[in-house]
Amino acid sequence: MTETRSPARIDFDSPTLRRKRRWRAKMDRFTRWYVLVGGLTVLVAITLIFFYLAYVVLPLFKGASISAEEPQSPAWMQQAGMPLALSLEEQNEVGMQISAAGEMIFFNAADGSELSRQALPIPTGAQIVTVAQDLVRPFVALGLSNGQALVVRHSYASVYPEGKRVIVPRVDYPYGEAPITVDPQGRALEHLSLTADDEQLTLAASNASELQVFKLTLEENMLTGETTLESQRIDLPRLAQTVQALYLDPRGQWLYVINGRVSADVFDLRDRTLNGHYKLIDDASNQVTASAQLLGGISLLIGDAKGGINQWFMARGNDGEPQLQRVRGFKLGDAPITQIVAEQRRKGFIALDNKGNLGVFHSTAHRTLLVDKIAEGSGLLTLSPRANHVLLAHEGQLQGFELNNPHPEISWSALWGKVWYESYDKPSYVWQSTSASNDFEPKLSLAPLTFGTLKAAFYAMLLAAPLAIAAAVYTAYFMAPRMRRKVKPVIELMEALPTVILGFFAGLFLAPYVEGHLPGIFSLLLLTPIGIILTGFIWSRLPESIRFRMPEGWESLLLIPVVLLTGWFALSMSPYLETWFFGGDMRLWISHDLGITYDQRNALVVGLAMGFAVIPNIFSIAEDAIFSVPRSLTYGSLALGATPWQTLTRVVILTASPGIFSALMIGMGRAVGETMIVLMATGNTPVMDWNIFQGMRTLAANVAVEMPESEVGGTHYRVLFLAALVLLSFTFVMNTLAEIIRHRLRKKYASL
């Protein structure tokens with residue numbers, strides 16, 4: 001007789017089980033709070049990054065501000081009268097004025113006290129008629145009543161007696177103390193312009209309607225050290241109207257003559273001919289009241305009697321010849337403009353009208369930064385070299401103003417619109433943040449960088465999206481489970497490959513290889529899908545006795561030799577195709593016959609390299625989404641008579657569409673934010689062209705390249721932060737839209 005034993009009774013209230021339950025409860029609470037705090041921390045970090053970027057960027061869009069100092073009424077100014085010229089040195093500590101009596105007076109800019117004065121060697125009986133200053137260098141030319149001109153240079157040295165810095169002004173005569181005879185007939189020089197350096201001086205002068213251009217070159221003998229002066233005169237045609245102002249092009253090509261009430265003549269100094277007569281103002285009731293040259297001497301600023309200021313410069317017209325063209329206009333008020341002063345280091349300027357209104361402007365940004373009333377009338381205005389201090393001589397007083405204008409170069413139009421830059425034939429999108437020239441015009445358009453970002457992402461997704469989605473569909477739906485367990489980890493392992501390695505490979509090997517095998521690359525892209533489709537067609541037509549020998553889900557193994565053979569055939573035929581169809585060099589054929597620019601590091605190389613990097617992201621997420629479709633839906637569809645292909649297209653893909661869409665959006669975000677591959681494989685050329693054979697520059701790569709060289713807190717530095725903010729905002733908006741669309745797709749196909 002067999003004895004049956006009842007199962008042992010489990011005591012669920014034992015101390016051991018109670019301890020385990022308490023431990024699990026504690027771990028559950030800890031995990032819940034850990035995940036909650038971790039998620040909130042991520043959201044807070046992203047929010048703080050966004051606000052920090054905005055904090056750095058916002059100063060770019062602030063205007064200028066000005067604050068008045070205590071006015072000074074120095075005794076020396078009451079004696080000297082209204083100055084003929086006024087300037088400030090770089091530290092805003094010492095000012096200089098030239099009096100009608102021929103004295104150069106240096107004074108303390110803070111309290112107006114006189115520091116020193118220098119009597120200029122003006123010939124007896126001659127008076128100062130006009131004064132001209134170089135745009136950047138501290139050269140001053142005095143036009144005299146006897147037809148001569150005296151060139152003076154004022155400089156400032158810092159000395160440290162007893163450990164305290166003192167700025168000492170100096171005056172010298174680089175071209176001699178004797179005045180230079182400009183007009184041999186001894187007529188007064190009514191208007192004067194100069195460009196000068198330590199080796200060459202060019203003077204342009206006028207009396208009535210006659211022009212005098214005089215060049216003086218200082219040459220030093222390398223053996224003896226002796227210096228000699230060589231002079232040259234340029235004869236120009238006589239004008240029909242009275243000259244109002246003269247401006248020399250520092251490059252020595254153009255002479256701009258403002259004459260009459262509303263017109264200008266431009267002379268080509270190299271050909272000694274008149275380029276053209278231009279009407280500056282179309283309104284018959286208006287006239288030119290002030291003018292100046294912008295930094296670099298390329299642009300003219302013309303102020304009129306109705307408070308308008310227009311910028312003009314030479315650009316090629318429709319006939320291909322250079323013409324003086326109006327580029328943009330500004331408005332100060334409704335009173336006549338009396339003076340325009342250009343900045344010495346930026347493309348900005350200030351203007352004063354006869355009501356005492358001061359305007360602060362920037363030409364490239366087409367931006368009015370400040371309009372403020374600083375006096376009851378007009379006066380003589382000067383701006384410090386750093387453009388942070390304004391000095392006004394008005395009714396026997398000196399009035400100083402602190403000017404805060406750190407980022408005038410930025411405006412919405414300068415960042416995103418076409419800008420007509422100096423020496424360009426038409427408005428363009430340009431990114432060029434630095435140059436070796438001091439009179440450089442910053443070109444900070446984000447449009448080509450944004451375009452380059454989208455272009456790189458487009459070509460990468462063009463390669464990656466079809467391959468990754470098709471591979472995910474086959475792997476999840478058709479492939480045998482045993483084979484899937486080997487293929488999926490291998491593809492996902494590709495994601496661990498550092499992008500710097502991919503960029504290095506693409507830049508140093510792939511780019512020259514593609515250039516040398518262009519016919520083979522394009523043949524490979526065409527023949528591979530044809531070979532795969534043809535192999536599938538042939539396989540489907542084979543007898544069942546042969547096809548059934550291959551286990552179900554392992555058919556893709558047959559494609560490995562097909563792809564390898566197709567690639568070998570396409571690349572080996574490349575030189576023959578290049579000889580038969582493209583004259584032995586497809587690159588030259590593309591450039592010369594098609595007129596398409598070819599760069600070695602181009603969008604095709606980026607598409608291949610970055611597409612390879614993006615494929616694992618898209619494949620992994622899309623494959624999981626397709627594989628997660630309940631088998632009951634698949635079996636039910638097949639049981640109702642649908643074919644496997646119908647089940648895939650009408651049930652599986654629709655159900656998995658939210659996950660597939662998320663995979664594409666994440667892949668797109670990866671492509672948009674990629675740095676190292678585009679940095680090393682594109683050539684970093686900020687051009688706006690969909691040409692697949694031309695490079696680009698992306699926002700991410702631009703930040704990586706230029707941030708180490710930018711000045712902390714400067715305009716360039718903040719614009720790079722703005723580029724990062726644009727990239728972050730673009731990714732955030734794209735992911736938000738993707739999430740909305742994903743939820744709608746999930747809701748729509750949830751009933752399946």
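Less than 13 Å Cβ to Cβ from Leu246, Lys/Arg counted +1 and Asp/Glu -1: what total charge do the surrounding residues give? Local net charge: -4. Sequentially through the range 488-497, phi angles give Karplus couplings (6.51, -1.76, 1.60; θ = phi - 60°) of 4, x, 5, 5, 5, 5, 4, 5, 6, 5 Hz, Gly and Pro residues having no value and appearing as x. Going by alpha carbons, how many degrees (0 to 90, nearest 10) lie between the helix axis of 447-473 and the longest principal axis of the chain? Roughly 10 degrees, rounded to the nearest 10.
Here each label is just a point 7 Å from Cα along the line to Cβ, and for Leu218 and Gln78 those points are 4.0 nm apart.
Label zone of Glu70 (point 7 Å out along Cα→Cβ, amide N under 20 Å): in the range 361-382 this covers 375. Expressed in Å, the radius of gyration and Dmax of the Cα atoms of the range 456-748 are 22.1, 76.
The calculated FRET efficiency for the pair Arg744 and Asn404, based on their C-beta separation and a Förster distance of 51 Å, comes to about 0.55. Computed on the range 456-748, with alpha-carbon pairs under 8 angstrom and 6+ residues apart, the relative contact order is 28 percent.
Taking 16 Å as the cut-off, the amide N atoms of the range 210-251 that come nearer than this to a point 7 Å along the Cα-to-beta-carbon line of Gln185 belong to 210-213, 234-243. Positive contributions from Lys and Arg (+1) and negative ones from Asp and Glu (-1), summed over other residues with Cβ under 12 Å from the Cβ of Phe401, come out at -3. The angle separating the long axis of helix 518-541 from the principal Cα axis of greatest extent in the chain is about 20 degrees. Between amide H atoms placed 1.01 Å from N, distances below 5 Å from Leu444 occur with Gln432, all of them 5 or more places distant or on a separate chain. Where a ≥ b ≥ c are the square roots of the eigenvalues of the C-alpha gyration tensor, would you call the range 541-633 rounded, which needs a/c under 1.5, or, failing that, prolate if a/b is larger than b/c, or oblate? Oblate shape, in that a/c is at least 1.5 and b/c is the bigger or equal ratio. Computing FRET efficiency as 1/(1 + (r/R0)^6) for Asp372 and Thr242, where r is the C-beta to C-beta distance and R0 is 30 Å, gives about 0.30. In terms of its C-alpha gyration tensor, the range 194-275 has a prolate overall shape, because the principal axis ratio a/c (a ≥ b ≥ c, square roots of the eigenvalues) is not below 1.5 and a/b outweighs b/c. Apply the Debye scattering formula to the range 308-438, with a single equal point scatterer on each alpha-carbon and no solvent, then give log10 I(q)/I(0) at q = 0.17 Å⁻¹. Here log10 of I(q) over I(0) equals -0.96. Cut-off 20 Å, label point 7 angstrom out along Cα-to-Cβ of Thr731: give me the residues of the range 36-57 whose amide nitrogen falls inside. The answer is 38-57, whose backbone nitrogens lie closer than 20 Å to the label point. Short-range pairs are left out: with C-alpha atoms under 8 Å and at least six residues apart, the relative contact order of the chain is 10 percent.
Relative to the longest principal axis of the chain, what angle (0 to 90°, nearest 10) does the C-alpha long axis of helix 715-748 take? The answer is roughly 30 degrees.
Working from label points 7 Å from Cα in the Cα-to-Cβ sense, the Leu467 to Glu552 distance is 3.1 nm. At full extension, Lys418 and Tyr173 could sit 83.7 nm farther apart than now, given 0.36 nm per residue minus the alpha carbon distance. If you wrap the Cα atoms of the range 122-279 in a convex hull and average its projected area over all directions, you get 12.6 nm².
Over the Cα atoms of the range 255-371, the radius of gyration divided by the Kirkwood radius equals 0.97; this is the Rg/Rh ratio. Which shape class applies to the range 324-365: rounded if a/c is under 1.5, otherwise prolate when a/b exceeds b/c and oblate if not, where a ≥ b ≥ c are the square roots of the Cα gyration tensor eigenvalues? Note, shape of the range 324-365 comes out oblate. For the range 232-284, averaging the sequence separation of C-alpha pairs within contact (under 8 Å, six or more residues apart) and dividing by the residue count gives a relative contact order of 27 percent.
Here the calculated FRET efficiency for Thr273 and Asn388, from their Cβ-Cβ distance with R0 = 41 Å, stands at 0.45, rounded to the nearest 0.05.
Placing a pseudo-label 7 Å from each Cα along the Cα-to-Cβ vector at Ala101 and Leu594 gives an inter-label distance of 7.8 nm.
Using a cut-off of 30 Å between Cα atoms, the listed pairs Lys455/Lys486; Lys62/Lys355; Lys215/Lys418; Lys62/Lys373; Lys306/Lys418; Lys20/Lys747 include Lys455/Lys486; Lys215/Lys418; Lys20/Lys747 as exceeding that distance. Dividing the convex hull volume of the alpha carbon atoms of the chain by its residue count gives 327 Å³ per residue.
Read-outs throughout are calculated quantities, based only on the coordinates presented, and are distinct from any laboratory measurement. Because the structure is a prediction, the values reported are computed rather than measured. When we count neighbours, we look across all protein chains shown, and the Cβ atoms used for this are built from the backbone with ideal geometry, even at glycine.
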